[in-house]
Structures are given as structure tokens and as C-alpha cells.
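**Q** My structure is below; once you've seen it, I'll send some questions.
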Amino acid sequence: MNYISFFRFIDYYLGIILCFLFTLFRHLPKPHIKRKYKNNKILFIELSEMGSTILAYSAIESALENDPNADIYFLTFERNKSGVELLDLFNKKNILTVRDDSIFGLTVDSVKLLMNYYRIGFNICFDLELFSRFSVILSYLTGADKRIGFHNYTNEGLYRGDLLTHKVLYNPHIHISYNFLSLVSATFKDNKELPLVKESFDNKKISVPKVNFDHAKLKKYRDLFKSGK
């Protein structure tokens, strides 16, 4: 079984059970503990899609424009870390990773991640995933006051429980970059508004990260390509 099939197996069989149990626990009566923060600590979760990480660039910039003093973090699979570094928006120490190539690596890194959650104390979490139960579980376990992500509402789709505080309806008729922007916009909306969010993003400009290349290396590789070696 390759790592993709392995993770799908875990996400389906264990993910459904955990989403259901955590949903039950979330709705149990318990005292609300209000935490104080010097500045917002924001976590973005995008585990498996490195391409979507690049497309989330505008949304992350938008979050920083709304809160320039926020500490931002990103959680992804270890194999996708270099893609996050390309964004040039996060300190390397703020890029959290988990391995997904074995049950041992996934378990060990998940435990370490929960310890990091406790140490950092996130109060806003964006789940950028569409089809992962694991990501919404990791979002819930942050304990963040605001957990924003995509929700099916009355549409068909995979079961992810009721673990988000701000549920955004995914719109398949617009580019995913605009859908990511809608997650950031939902942070400032009344979470009792259903469905979130009811606004157009057609006038929003989508930006992409600019990467500085070593021109000497580029010339070297172009010359090699032209020579056919």
C-alpha cells in the first residue's frame, strides 16, 4: 500500500469515527474559558495539496492585511514543506509538519503537534482542505476560538462532523483562490449567518508569490538543455 492509499484508508475509517466522537464532545455542556492574547496566533492547515498552498497565497496575505501583528503558522505534510517555504510568508520555525508515510511517523508527529498547539495557543485556525477529515480534526484540536473551513450544508459530500465555528459553503463555480479568500472574510462575519459567506469576490485581485531565481544557475540549466546533455 503506497502512502496515498494508506492515508485515505486512515482518513476514511478512523476519520469518520473521530469526527463523530469529537462532534458529540463539542456539544456537551462545559464551562467556556476565555483566553487572553497579546496578538492573534493564526494557523493555516493544508496537508496534501501543494498546488493549493500556492493558490492560498492571496488569502494568507488578506489575513495579514486585516491583522498585521498576527503570528502566522502553517501546517502541512513533511513532503510539502518546501512548497510552503516558496510563499516566503512564514518563518521556518512557524511551518509545522507531520509525516504521512507510515503509521508510526504519523502518530509520533501528531503527538508532537498537539504539544505545539498547547505551547503556541492558537486562537484562529483556517482549514483549507476540502476532502480531508484529518485536517478538520487537527483544526478542532487547536482549541481555537475561531475555526474556519468548508462545510457541505445540504450538499452531498464526505462527512466531516460539526467541528468548525465558521462554516463556509464551497463554491465550485469560482476559482479556489476566491474560495480561500471567502474563508478569511468569514472570520469577521456573524457565524450564525447561514450559509457563510454571502459576498462576491470578483473585484478581488489574486496575487501569487514571487520567487527570486539564481540567474547563473538558470543559464547553466538552459545551456545544458540546449546541448541535449
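**Q** Could you list, ordered by first residue, the pairs with Cβ atoms under 8 Å in which the first is in the stretch 21-39 and under 11 Å from ASP162 (Cβ atoms) and modelled with pLDDT of 80 or more and the second is surrounded by 10 or more Cβ atoms within 10 Å (Cβ to Cβ) and among the charged types (D, E, K, R), at least 6 apart or interchain?
**A** Between residues of the stretch 21-39 that are under 11 Å from ASP162 (Cβ atoms) and modelled with pLDDT of 80 or more and residues that are surrounded by 10 or more Cβ atoms within 10 Å (Cβ to Cβ) and among the charged types (D, E, K, R), the close pairs are THR23/ASP162; ARG26/ASP162; HIS27/ASP162.
**Q** Also: Since LYS204 meets every condition but one in (1) closer than 30 Å to PHE134 by Cα; (2) in contact (Cβ under 8 Å) with a residue 24 or more places away in the chain, which condition does it not meet?
**A** (1)
**Q** Could you check the stretch 107-125 and list, in sequence order, the residues that are open to solvent by 40 Å² or more (accessible area, probe 1.4 Å) and either among the acidic types (Asp, Glu) or touching a helix residue (DSSP H, G or I) at 6+ places or on another chain (Cβ under 7 Å) (or both)?
**A** Selection gives LEU114 alone.
**Q** Also, I was wondering about something else. Take the residues in the stretch 185-216 that are of a type in the set (A, V, I, L, M, F, W, C) and at pLDDT below 75, then tell me which one is farthest from SER82 (Cα to Cα). Give the derivation first.
**A** Of the residues in the stretch 185-216, the ones of a type in the set (A, V, I, L, M, F, W, C) are 186, 188, 194, 196-197, 201, 206, 208, 211, 213, 216.
Still in the running and at pLDDT below 75: 211, 213.
On the way: VAL211: 13, PHE213: 15 Å.
Looking at the filtered set, the residue picked out is PHE213.
**Q** Since SER227 meets every condition but one in (1) in contact with a Phe, Trp or Tyr (Cβ under 8 Å, 6 or more places away or on another chain); (2) farther than 30 Å from THR97 by Cα; (3) free of Cβ contacts under 8 Å to residues at least 40 places away in the same chain, which condition does it not meet?
**A** For SER227, the exception is condition (1).
**Q** When both residues are 6+ apart or on different chains and their Cβ atoms are under 7 Å apart, which pairs have a first residue that lies in the stretch 182-200 and is free of Cβ contacts under 8 Å to residues at least 60 places away in the same chain and basic (Lys, Arg), and a second that is in a helix (DSSP H, G or I) and open to solvent by 20 Å² or more (accessible area, probe 1.4 Å)?
**A** none
The values are calculated or read from the model by the stated rules, or taken from the named source; none is laboratory data. Just so it is clear, the structure is predicted and the values come from calculations on it, not from any experiment. When we count neighbours, we look across all protein chains shown, and the Cβ atoms used for this are built from the backbone with ideal geometry, even at glycine. For accessibility, only protein heavy atoms count, side chains too; no ligands or nucleic acids. Shrake-Rupley method; radii C 1.70, N 1.55, O 1.52, S 1.80 Å.
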